[in-house]
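The block underneath contains the structure these notes are about, expressed in C-alpha cells.
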Amino acid sequence: MKNYEFVLLISPNHSNKVPEIINRYKNIIKTNKGTVHHHEYWKRRKLGYEINKATKAHYIYIFATIDNKL
C-alpha cells in the first residue's frame with residue numbers, strides 16, 4: 001500500500017455535480033481496498049492555461065492509501 005495525492009480538475013460546466021464526482025472517486029478508491037485519508041475542495045480557480053476553451057475549473061485534492069494493483 002502506498003500513499004497518493006490526487007488533484008482533480010472539474011469543468012465549470014459540472015458545478016452542480018462536484019459533490020457527486022468527489023463521492024464517485026472516493027467510492028472507487030474504497031471499493032478497491034484503498035483508504036481516503038483526506039479530501040479538500042479548493043474552490044473554483046483560474047487555470048494556469050486554457051484547456052478546451054475553459055479558463056477556470058473546480059479543484060479537488062484527495063490524499064489516499066491505495067494498493068499497487070489499482
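Every read-out reported here was derived from the displayed coordinates using simple, explicitly stated rules and does not represent laboratory data. Given the structure is predicted, the values throughout are model-derived calculations rather than measurements. All Cβ positions, glycine included, derive from the backbone under ideal geometry; neighbour counts span all protein chains shown.
Comparison of Ile29, Ile60, Ile66, Ile51 shows that the only residue that is in contact with a Leu (Cβ under 7 Å, 6 or more places away or on another chain), among the β-branched types (Val, Ile, Thr), surrounded by 10 or more Cβ atoms within 10 Å (Cβ to Cβ) and in contact (Cβ under 8 Å) with a residue 40 or more places away in the chain is Ile60. Among the residues of this structure, Val7 counts as one that is aliphatic (A, V, I, L, M), surrounded by fewer than 11 Cβ atoms within 10 Å (Cβ to Cβ) and touching a strand residue (DSSP E or B) at 6+ places or on another chain (Cβ under 7 Å). Identify, by number, the condition in (1) out of contact with any Ser or Thr (no Cβ under 9 Å at 6 or more places or on another chain); (2) at positive phi that Ile22 doesn't meet. Unmet condition: (2).
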